[in-house]
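What follows is a set of notes on a single structure, which appears directly below.
The values are calculated or read from the model by the stated rules, or taken from the named source; none is laboratory data. As the structure is a computational prediction, the values presented were derived from the model and not from experiment. Cβ coordinates were reconstructed from backbone atoms using ideal geometry, including for glycine residues, and neighbour counts include every protein chain displayed.
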């Protein structure tokens, strides 16, 4: 890719970027949210038309005006946000647009053949997933791996992975890396986009850094370290942030006794104190995501008793949680949080409008002022409040969603993977916001696909396995090794309930 330029109105997303990919290599592209990584790849995939520049395959210029042009050239992309059909089967998702038909009756789907071909692709990834099950019956991590299978099912020369491990645990990520190594051996080239720098340094043969829509440099593996990458990405050194003092003796804000969710969570009790950050950790399928959804009314569950500020309550729907001063950040922006047909102001003020609706009169000026104050606090990079939400990068959308929660001044904030798809600089900003909320007396309940993130933020950590609480760690006990050891042992059948 030579001299690639792309602008959206007055916003320049790519300012003459050069990028080279060799046969059978893993080439990582990194940069802050909004640096132009995804835009560059969407140009390569024919999703966005380029304004200027040239794309060459095997040294010859090619036209990539539509997605089908890219697919014809063997270029496929696994997007950060899923592009799937939740109500269809795994097999139908893997071969969508290419479903096999019966030779005798061409308009009838060859279901047996479809399942067989899908099973071959899943076996290549060593995924124990039934091709016939509905996609929305799988975990987020499994759905991410189905996206990989979809890309591998066609004629593939170049595979683009945009935050492919963002919702995978360590075991699932290692499984994906093994697949990447196998693809390299076949001569397939991989463009790898990730904010997990340690992962990039391990998997990439070369690393290209983008900043503000321009290339900063390309580095061979072993010729640059994590600190230098961060400085290249941000144009400055990152400040080390001190962890807040652990909350001590705060009054109980949330108490849940003997919560049960059929097939997901069994007899789990927890207490969250004022100004505390409580982490919920475990391997994929441990029940941690279902637990925190249930506490906000997003998943049906039944407990013997639930209290907020010492008063017995019932949370059956999200509006119940919101009325009690509880807000929730979902792990899937596109599916559960972002209203793509609305602008930035409208997306930011959704909960705020609901909280003041009882007044029957909404002053647009007040809404704009509250939205602007909140998005500025979160340092959302945008043209203006009236810009479409889709004009923001994934990381800036995530910061906007946090701004949405804070507009209603919550007592309890539930965070499900709060920095998923967010660059290292934005992560530090989000961590600072979480710490500041706790200092102000807001209680935080969080989980993350990155165990080190939970360990670094939380005052206490509840470790889950197979729907049960197996341990509760605090103070010096809260380490990555302890959490991993407990979760892994229990997942293998050696753990009990604590």
Residue under evaluation residue 315, criteria (1) at pLDDT 90 or above; (2) surrounded by fewer than 22 Cβ atoms within 10 Å (Cβ to Cβ); (3) out of contact with any strand residue (DSSP E or B) (no Cβ under 6 Å at 6 or more places or on another chain), criterion not met = (2)
key: From 100, 61, 106, 86, residue being surrounded by fewer than 13 Cβ atoms within 10 Å (Cβ to Cβ) and at pLDDT below 95   = 106
query = When the stretch 403-429 is examined, which residues are found to be surrounded by 22 or more Cβ atoms within 10 Å (Cβ to Cβ) and closer than 25 Å to residue 229 by Cβ?
reply = 417, 418, 419, 420, 421, 422, 423, 426
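Please note which strands (runs of 3 or more DSSP E) are completely contained in the stretch 147-260 and include at least 2 residues that are loosely packed, with under 15 Cβ neighbours inside 10 Å and modelled with pLDDT of 85 or more. Spell out how you get there, then give the answer.
On the way: elements: 158-162, 189-193, 206-211, 214-220.
Once the strands (runs of 3 or more DSSP E) in the stretch 147-260 are filtered for at least 2 residues that are loosely packed, with under 15 Cβ neighbours inside 10 Å and modelled with pLDDT of 85 or more, what remains is 214-220.
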query = If we scan the stretch 53-73, do we find a residue that is part of a helix (DSSP H, G or I), over 28 Å from residue 212 (Cβ atoms), in contact with a strand residue (DSSP E or B) (Cβ under 9 Å, 6 or more places away or on another chain) and assigned by TED's automatic domain parsing to the domain that holds residue 152?
reply = yes
key: Members of the stretch 111-151 that are touching a strand residue (DSSP E or B) at 6+ places or on another chain (Cβ under 6 Å) and more than 25 Å from residue 163 (Cβ to Cβ)   = 132
query = Quick one: how many residues across the stretch 128-146 are touching a residue at least 60 places away in the same chain (Cβ under 8 Å) and in a loop (DSSP other than H, G, I, E, B)?
reply = 1
